[in-house]
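Novice: Sharing a structure with you now.
The values are calculated or read from the model by the stated rules, or taken from the named source; none is laboratory data. The structure displayed is predicted, hence computed values, not measured ones. Here the Cβ positions follow ideal geometry from the backbone for every residue, glycine too, while neighbour counts run over all protein chains shown. For the accessible areas, the whole protein counts, side chains as well, though only heavy atoms, and no ligand, DNA or RNA atoms are used. Shrake-Rupley method; radii C 1.70, N 1.55, O 1.52, S 1.80 Å.
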Amino acid sequence: YFASQRALVEVGDAMAKVKDVMPTTTDAYRNWADAFRTACRDGQVTLTTDADGYARVKAEYYQKLEDWLSSSGARYASDVVWANVADPQQGIKASRIVTELRSVLKEVAGEMTPDADRA
């Protein structure tokens, strides 16, 4: 995950291009990696970063991510599964980025019905 920081953040850009996905600027989209990078860039998390705000030191990344998920980033804590909860330095085993599809329903004569063009 440390080596994939940029790709994890760029998921939002890819999802923004998919017409059947809700906008990534709404609560329908949740990306822990993007939120963590923003926290680093905004100075909420202090660690060594490159010019784009990505962590440069692996050990710092995992420790600061674990600290952030336990505090101001708690909203995202369930989106990251540690390889070993007692030792964040062992890395992340799995994670999720949440997005939502647009409804395939449309209103016809006051009733919701499947939109044949989208369903």
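Novice: For the pair Ala94 and Ala59, what calculated FRET efficiency results from E = 1/(1 + (r/R0)^6), where r is the Cβ-Cβ distance and R0 = 22 Å, to the nearest 0.05? Could you put the intermediate results ahead of the total?
Specialist: Details: r = 21 Å, r/R0 = 0.93.
With a Förster radius of 22 Å, E is 0.60.
Novice: Now, a different point. Hey, with R₀ at 30 Å, roughly what FRET efficiency would Ala28 and Ser71 work out to, going by the Cβ-Cβ distance, to 0.05? Could you put the intermediate results ahead of the total?
Specialist: Working: r = 25 Å, r/R0 = 0.83.
Calculated transfer efficiency: 0.75.
Novice: Could you give each residue of segment 5-19 its phi-based ³J(HN,Hα) in whole Hz, using Karplus coefficients 6.51, -1.76, 1.60 with θ = phi - 60°, and x for Gly or Pro?
Specialist: Result, ordered by residue: 3, 4, 5, 5, 5, 6, 4, x, 4, 5, 5, 4, 8, 8, 5 Hz.
Novice: Place a point 7 Å from the Cα of Ala83 along the Cα-to-Cβ direction; which residues of segment 32-47 have their backbone N under 12 Å from it?
Specialist: Hits in segment 32-47 for Ala83 at 12 Å: none.
Novice: Quick one: which residues, 5+ away or cross-chain, put their amide H under 5 Å from the amide H of Arg102? H built at 1.01 Å from N.
Specialist: Residues meeting the criterion, in which the H sits 1.01 Å from N, are Val21, Met22.
Novice: Where does the chain land at 222 nm, in deg cm²/dmol rounded to the nearest 500, when only DSSP H runs of n ≥ 4 count, each adding -39500 (n - 2.57), divided by all residues?
Specialist: Helix contribution divided over all residues of the chain: -8500 deg cm²/dmol.
Novice: Right, next: Tell me, what HN-Hα J-couplings in whole Hz come from the Karplus equation 6.51 cos²θ - 1.76 cosθ + 1.60 at θ = phi - 60° for each residue of segment 26-37, using x for Gly and Pro?
Specialist: Per-residue couplings from phi come out as 10, 5, 6, 10, 9, 10, 4, 5, 5, 5, 5, 4 Hz.
Novice: Moving to a separate point now. Go through segment 54-61 residue by residue and turn each phi into a ³J(HN,Hα) via Karplus (6.51, -1.76, 1.60, θ = phi - 60°); whole Hz please, and just put x for glycine and proline.
Specialist: The phi angles translate into 8, 4, 9, 10, 4, 4, 5, 4 Hz.
Novice: Would you please give the residues with an amide H less than 5 Å from that of Trp82, counting only those at least 5 places away or on a separate chain, with H modeled from the backbone geometry?
Specialist: Lys93
Novice: Now, a different point. Determine the order of Asp79, Asp67, Asp117 by accessible area, beginning with the largest, at a probe radius of 1.4 Å.
Specialist: On the way: Asp79 0, Asp67 70, Asp117 140 Å².
Largest to smallest exposure gives the sequence Asp117, Asp67, Asp79.
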